[in-house]
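To start, the structure itself, in structure tokens.
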Amino acid sequence: MLEKKIPDYLVTRTNIVRIVVFTAAFALAFINIYAPFGVNAWLNVTQWQLLLYSSLVILTGILVIVISRIIMFLYSRIKNLNHWQYLIWILAEILSMAAVYSVFVKFILDDPREFPDVFRASVKNTSLVLLLPYAILWLYFSWKDKSEKLEKLSEQDYSKEHHRRLVPFHDEKGTMRISITNDDVLFLEAADNYVIIRYIHGDKPEKFMIRNSLKNFQDDLRKYNIVRCHRSYMVNLDKVKVIRKEKDGLHIDLDIQTSLSLPVSSKYSSMVLEAFSKYSTF
């Protein structure tokens with residue numbers, strides 16, 4: 001498992017920024033609440049001055065993390081990191097940050113302890129400062145990644161189901177005359193008191209005439225992504241290949257073998273574009 005590549009969400013630009021910011025905030029809270037490096041003991045300062053000094057210390061230490069994560073981001077673009085390498089990288093961050101804090105405590109705060117003792121204490125405190133936020137964010141990133149993947153799978157399943165659905169067509173008396181798979185419906189065409197349903201059957205274009213009006217179909221077929229585009233036409237957005245803007249207005253090209261273009265009247269253009277925009281986000 002340790003030889004396995006680390007998840008991509010650990011080395012994305014956005015999540016690296018989140019790691020740095022959250023770790024800095026956690027470290028600032030940690031050093032002010034617990035004063036692990038003895039700041040309040042060695043400096044006779046007010047709470048606000050302590051906050052200022054500790055902020056400077058944290059910013060210096062976090063600079064190590066910033067540089068480390070920039071290098072990690074650039075390295076991950078060239079070569080994959082496995083779990084072993086990632087753990088070693090974190091260990092190097094802890095030791096580097098502990099070294100910075102040890103220098104501060106020993107030489108700035110004039111800690112009387114020997115440097116090795118200061119460094120060991122710094123490693124312990126730095127491990128808490130880094131490992132806790134790292135673990136929290138790893139769990140959060142993992143949960144978010146799984147949630148997004150599940151959402152995408154649900155959308156894909158919905159999309160597949162959506163294409164398989166049967167679209168019922170009723171006449172003006174409410175009697176169902178024909179049902180056609182959503183993916184096979186091309187468009188509807190008004191013809192006096194009738195509606196001609198154009199669809200694909202066995203790779204061949206077919207038509208079915210039903211006594212009704214496009215107005216009566218308009219609301220019922222919207223959930224199947226069949227929308228009104230003209231006084232005389234309704235189109236299945238599943239079959240739209242191109243929407244073109246010409247001098248005389250918008251035109252829709254259908255994704256079928258034979259060339260077929262439908263006009264879009266100005267009355268329905270905004271509705272078509274809005275519906276197509278929402279549908280195209282799947």
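Each value in this text was obtained by applying a stated rule to the coordinates, not by laboratory testing. Note that this is a predicted model, so its numbers are computed, not measured. Cβ atoms come from the backbone with ideal geometry, glycine included; neighbour counts cover every protein chain shown.
A simple count of charges around S127, restricted to other residues whose Cβ falls under 15 Å of its Cβ and scoring Lys, Arg +1 and Asp, Glu -1, yields +1.
Computed from phi, the 3J(HN,Hα) profile of region 183-192 under the Karplus parametrisation 6.51, -1.76, 1.60 (θ = phi - 60°) reads 5, 9, 6, 9, 7, 10, 10, 6, 9, 6 Hz, with x in place of Gly and Pro. Rounded to the nearest whole angstrom, the semi-axes of the ellipsoid equivalent to region 184-249, taken from the Cα gyration tensor as √(5λ), stand at 18, 16, 12, largest first. Between the amide H of V167 and those of I180, T181, N182, distances stay under 5 Å, these residues lying 5 or more places away or on another chain, with hydrogens modeled in the peptide plane.
For K204, what is the net charge nearby, where nearby means another residue's Cβ is under 13 Å from its Cβ and Lys, Arg count +1, Asp, Glu -1?
Overall, the nearby charge balance is -1.
Cross-link partners for K106 among the lysines, with Cα-Cα distance under 18 Å and sequence neighbours closer than 8 places in the same chain left out: K124. Counting neighbouring beta carbons within 10 Å and listing from fewest to most, the residues V57, V20, V242 come out as V242, V20, V57. Calculated mean residue ellipticity at 222 nm for the chain: -18000 deg cm²/dmol, from DSSP H runs with n ≥ 4 weighted as -39500 (n - 2.57), summed, divided by the residue count and rounded to 500. Compared with the dominant principal axis of the Cα atoms in the chain, helix 266-279 is inclined by about 50°. Between the residues I243, S269, P168, the greatest Cα displacement towards the positive end of the dipole of region 167-279, with unit charges on the Cβ of Lys, Arg, Asp and Glu, is found for S269. Dividing the convex hull volume of the alpha carbon atoms of the chain by its residue count gives 227 Å³ per residue. Highest mean first, the peptides 64-71, 232-239, 144-151 sorted by other C-beta atoms within 10 Å per residue fall in the order 232-239, 64-71, 144-151. Overall, region 167-279 carries a charge dipole of about 260 debye about its Cα centre when +1 sits on the Cβ of Lys and Arg and -1 on the Cβ of Asp and Glu, all other atoms neutral. Each part reduced to its alpha carbon centroid, region 114-155 and region 68-89 end up 15 Å apart.
Helix 13-34 axis versus longest C-alpha principal axis of the chain: approximately 40°, rounded to the nearest ten.
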